[in-house]
Amino acid sequence: MNRPMVEASGLTAFYGDAQALFGIDFHLDAGELVAIIGANGAGKSTFLKALTGLVKVPRDAVRFDGAAIGGLPPGQIVRRGLAMVPEGRRLFPSLSVEENLLMGATAGRAGPWNLQRLYSMFPILAPKKHDPSLSLSGGQQQMVAIGRALMSNPTVLLCDELSLGLAPIVIKEIYDAMPKITAEGMSVVVVEQDVAVAQRVSQRVYCFQEGRVSLEGASDMLTRGQISHAYFGV
Amino acid sequence: MLDIALQGLLLGGLYCLFALGLSLMFGVMRLTNTAQGDFIVLGAFGAIAGTSILAIHPALVALLLLPFAFGVGYALQRRVLNGTLGKDPLPSLVVTFGLSIVVQNALLEVFTADPRSLDSGGLNTHSVQLGNFAIGTLPLLIFMVAVLCTLALQLLFDRSALGRSFRAVSDDKEIAELMGLDSNKVYALATAIAFVVIAIAGVFQGLRTTVSPSDGPLLLLFAFEAVIIGGMGSFWGTFVGAMVLGLTQQIGFRIDPGWGIWLGHIMFLAVLVVRPQGLFPKTRG
């Protein structure tokens, strides 16, 4: 058994007065790509926000590389090497493509990722680097959002709904970049609505349902029946 | 005719210096500093006090004042104003309004209500000949400094790493923090820079006319009008807004000495009615 890079145990989280997560047990091993699937409102995004400090949780509920990081300020968490591609991309509208990427380097971690490397992984971005970030197509914006997270040279990358609002061909193009990312030994969590995509790209799948883990297993072992039962609860 | 235009633009230069700090703080953190005018007056009195205590040239005092203002701005934002920021704009308005009262009364206590001015060593009566016109050296200097400050702030905002963080926290504070940016520190640096411009404005105000502790609110009004007329788009927008205000007031003064400031207000209201987003509405975000 590998050493877990990220571990959540009995994680609970609240959005205002509403409880969103009810005791999530989760682990991500080094070099692993794990997908989280589940219906809208199942708590997937809240879970990622809890890992990155955007939603406050008890300190011991989240461990990163052995250290308790639950509820630390987001800036401290990213400096430890846990970066997120947020849902809806959330690029900085008044910054150019390259400026958005440079913001990702704020954490100041050393590592293999830099502007040149990103432009060679996503060549389409290079000629547009001085364009306003929101003038790009949805898929290209998603590449910028991924690149921005990679610029912090994380050891764990969390991706929230990469395929949201994108054409299937573009989704494929973006997920095709994943092997290049994990080749560096990075561990990745993807939250994904599309079950088929999630199963194809990941080694393990967690299914969330109403703030709880309803299913967990190796991606190629889970049957459609198991998944639809865990997904919809019927 | 040309004379009015020239005088209006020179006056606009001063208003631009009044307004840039307000524009910067609003642009970065949506904070309206209602004590802007009082801090300008405080800057002027600081320079006056410095000149008489240290007994050195006002220009040297001004140079010493700038790093001091930077520190005051940084500390004020870090210790006080950061705690007022949030979705609700009211706390920051109330706190800066309170600061305005505190500054006014502290100045009144220390310097009394007598108007004072900064000894310019004859600079304020000196002029340069330009064709048929004689232009005051001091107003010309103020105008040039206003252009330089606008240019410097715009370059800082557009080109530097600090400017990039200013725009990033203004766009999306949560994501900026997710990237590892300390927004409280970024805000403090923005206010620090705004206070340097405020100190510059204060020194020039003290040189060109007399200042008294109760002047602040009127200066705030001019600054506010310049920012709104120009639109929240850019520092050049603020610059143009200040020019429009200066020109309008100067035209008013020519019609009747009592009309200048009033016509400026009318222009401000007209812009609000006709073009509420201001002349250069592209938000800095």
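Every read-out reported here was derived from the displayed coordinates using simple, explicitly stated rules and does not represent laboratory data. Note that the structure is predicted; figures quoted are calculated from it, not measured. Positions of Cβ are backbone-derived with ideal geometry, glycine not excepted, and every protein chain shown enters the neighbour counts.
Can you tell me which aspartates and glutamates have their Cα less than 20 Å from the Cα of A:K180? Leave out same-chain residues fewer than eight positions away. Of all the aspartates and glutamates, those that pass the test against A:K180 - Cα under 20 Å, at least 8 places apart if same chain - are A:D29, A:E32, A:D160, A:E161, A:E192.
For region B:137-150, putting each phi into the Karplus relation 6.51 cos²θ - 1.76 cosθ + 1.60 with θ = phi - 60° gives couplings of 5, 5, x, 5, 4, 4, 4, 5, 5, 4, 4, 4, 5, 4 Hz, in residue order, rounded to whole numbers and with x for Gly and Pro.
Among rounded, prolate and oblate, which fits region A:85-128 when a ≥ b ≥ c are the square roots of the eigenvalues of its C-alpha gyration tensor, a/c under 1.5 means rounded, and a/b larger than b/c means prolate?
Judged from the Cα gyration tensor, region A:85-128 comes out oblate (a/c at least 1.5, b/c at or above a/b).
Sorting A:S94, B:S120 by the number of Cβ atoms found within 10 Å of their own Cβ, with the fewest placed first, yields B:S120, A:S94. Using a 10 angstrom cutoff on alpha carbons, build the Gaussian network for chain B and name the most mobile of B:R208, B:R78, B:R164. Answer for the Gaussian network model of chain B: B:R164. What is the percent of Cα-Cα separations in region B:98-192 that go past 15 Å? Every Cα pair in region B:98-192 considered, those over 15 Å come to 76 percent.
Ordering A:I171, B:I228, B:I40, A:I124 from the fewest to the most neighbouring beta carbons within 10 Å gives A:I124, A:I171, B:I228, B:I40. Annotation: amide H of A:T12 within the under-5 Å range of A:G23, A:I24, sequence separation 5 or more or interchain, hydrogens built in the peptide plane. According to the Kirkwood relation over distinct C-alpha pairs, the hydrodynamic radius of region A:12-84 is 12.8 Å. Between B:D256 and B:N105, the FRET efficiency estimated from the beta carbon spacing at R0 = 35 angstrom works out to 0.50. Note on chain B: Cα convex hull, mean projected area over all directions, 15.4 nm². The string of couplings for region B:10-20 from the Karplus curve (6.51, -1.76, 1.60, θ = phi - 60°) is 5, 5, x, x, 5, 5, 4, 5, 4, 8, 4 Hz, one whole number per residue in order, with x for Gly and Pro. Database remark: amide H of B:S117 closer than 5 angstrom to the amide H of B:V211 (H placed geometrically; neighbours at sequence offset of 5 or more, or on other chains; Pro and chain starts carry no H). Using +1 at the C-beta of Lys and Arg and -1 at the C-beta of Asp and Glu, which of B:L81, B:F18, B:I135 has the Cα lying farthest in the positive direction of the dipole of region B:10-214? Selected residue: B:I135.
Among B:A19, B:A168, B:A242, which one shows the highest mean-square fluctuation when chain B is modelled as a Gaussian network with alpha-carbon springs under 10 Å? The residue with the greatest mean-square fluctuation here is B:A168. Between amide H atoms placed 1.01 Å from N, distances below 5 Å from A:L33 occur with A:V188, A:Q203, A:R204, all of them 5 or more places distant or on a separate chain.
Straight-line cross-link reach from B:K173 at under 17 Å between alpha-carbon atoms covers these lysines, not counting any fewer than eight positions away in the same chain: A:K49, A:K56, B:K87, B:K185. Orientation-averaged projection of region A:173-230 equals 4.3 nm² [convex hull of Cα atoms, one quarter of hull surface area]. In chain B, a dipole from Cβ-located charges (positive for Lys and Arg, negative for Asp and Glu) runs towards its positive end, and of B:L118, B:I255, B:I200 it is B:I200 whose Cα lies farthest in that direction. Each residue of region B:261-273 is assigned a 3J(HN,Hα), and the resulting list reads 5, 4, 5, x, 4, 4, 4, 4, 5, 4, 5, 4, 6 Hz, derived from the Karplus form 6.51 cos²θ - 1.76 cosθ + 1.60 (θ = phi - 60°), x at Gly and Pro. Using only alpha-carbon positions in region A:80-234, the gyration tensor eigenvalues give semi-axes of 29, 17, 14 Å once each is multiplied by 5 and square-rooted (largest first). For the protein assembly as shown, dividing the convex hull volume of the Cα atoms by the residue count gives 181 Å³ per residue. Sorting B:172-182, A:105-115, B:105-115, B:64-74 by their mean Cβ neighbour count within 10 Å, with the most densely packed peptide first, gives B:172-182, B:64-74, A:105-115, B:105-115.
Among A:M178, B:M144, sorting on how many other beta-carbon atoms sit within 10 Å of each Cβ, with the fewest leading, yields B:M144, A:M178.
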